[in-house]
Structures are given as structure tokens and as C-alpha cells.
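Each reported figure results from applying straightforward, stated rules to the coordinates on display, with no laboratory input. No experiment lies behind these values; they were computed from the predicted model shown. Using ideal geometry, Cβ is built from the backbone for each residue, glycine included, and neighbour counts are taken over all protein chains shown.
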């Protein structure tokens with residue numbers, strides 16, 4: 001089971017009345033639990049990982065001590081100055097380009113649309129493309145390239 005399949009399962013569970021779903025295959029176990037405040041928890045048994053993901057965020061696997069106790073917030077929320085914040089859906093290392101010899105995904109002033117890759121976050125040797133969920137212009141990049149980021153940490157400010 002790959003990362004995209006786990007993401008889709010969480011979306012399906014979030015939209016349904018199912019309280020808990022467990023899937024086991026080839027020594028890999030995934031349990032998705034829907035809490036009353038729409039937080040899903042993904043527990044993978046083979047490589048011991050836990051991640052908390054809000055309904056609007058991209059879910060991801062993170063180290064066990066990571067974020068299970070944190071409250072969920074939307075992946076993008078409007079600030080007082082009408083800017084939208086794109087936040088990290090996981091703990092990991094933030095990268096602005098796919099590899100050192102490739103161009104940056106986005107720069108200040110670039111237009112983004114839903115589905116456009118804005119960065120990569122590496123978590124446990126897995127490189128996860130982070131896509132924009134909003135349309136607008138990048139106003140500020142809040143994180144330096146190749147630095148660690150936390151779950152729900154602001155990454156970009158977007159002007160809608």
C-alpha cells in the first residue's frame with residue numbers, strides 16, 4: 001500500500017460514518033480511526049509510525065512521538081491580512097526543489113493552483129510532494145530550503 005492509497009482511504013473514511021478501518025497486507029498494517037472532531041490517526045505496524053491529519057490536509061506517516069496529541073487545524077487558513085497559509089502536513093525535511101540540480105518548484109511571485117507541487121517534505125527516507133490546495137500568488141516563503149519542519153508549520157503565504 002503506498003502513500004497515495006492511504007491518503008485516499010483517509011478521505012473516504014472522513015466523508016463516511018465509519019469509525020475505524022484496519023487493513024493488513026504482507027506484514028503491513030494500517031488502522032484509520034475517525035474521532036469526533038474529524039481527526040484521523042494512521043498507525044502502521046511494520047515500520048512503527050503514527051500521523052495525525054486534519055480533514056483538509058494531506059495525511060502522512062510521521063515518527064511515533066510526533067503529533068498524535070496535537071489539535072487539527074485546516075491545511076490552509078486565512079490570516080487577518082487575507083493571506084492564505086499553506087502548512088506542512090507532516091514532520092520532515094523541507095525541500096524547495098526535486099533534486100539539487102533541478103529548478104525550484106516555486107518562487108515568490110509565482111502563481112499556484114490546486115494540485116501544483118510547491119515543495120517536497122522528506123520523512124523517513126520517503127519524499128512526499130506537497131501540492132497546493134489553493135489558487136493564488138506566492139507572497140512569502142516561510143521556511144529555508146533543507147531545514148526540518150513540524151506538523152502544521154506554516155510554509156508559504158499565498159494571496160488569493
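Based on Cα contacts under 8 Å between residues 6+ apart, segment 76-159 shows a relative contact order of 39 percent. In this simple spin-label model, placing a label point 7 Å from the Cα along the Cα-to-Cβ direction at both residue 101 and residue 4 gives a separation of 2.6 nm. Descending by average beta-carbon neighbour count within 10 Å, the peptides 85-98, 125-138 line up as 85-98, 125-138, the highest first.
In this label model, residue 33 and residue 140 are separated by 3.8 nm, measuring between points 7 Å along each Cα→Cβ vector. Among 23-30, 115-122, the peptide with the highest mean count of other Cβ atoms within 10 Å heads the list, and the full ranking is 115-122, 23-30.
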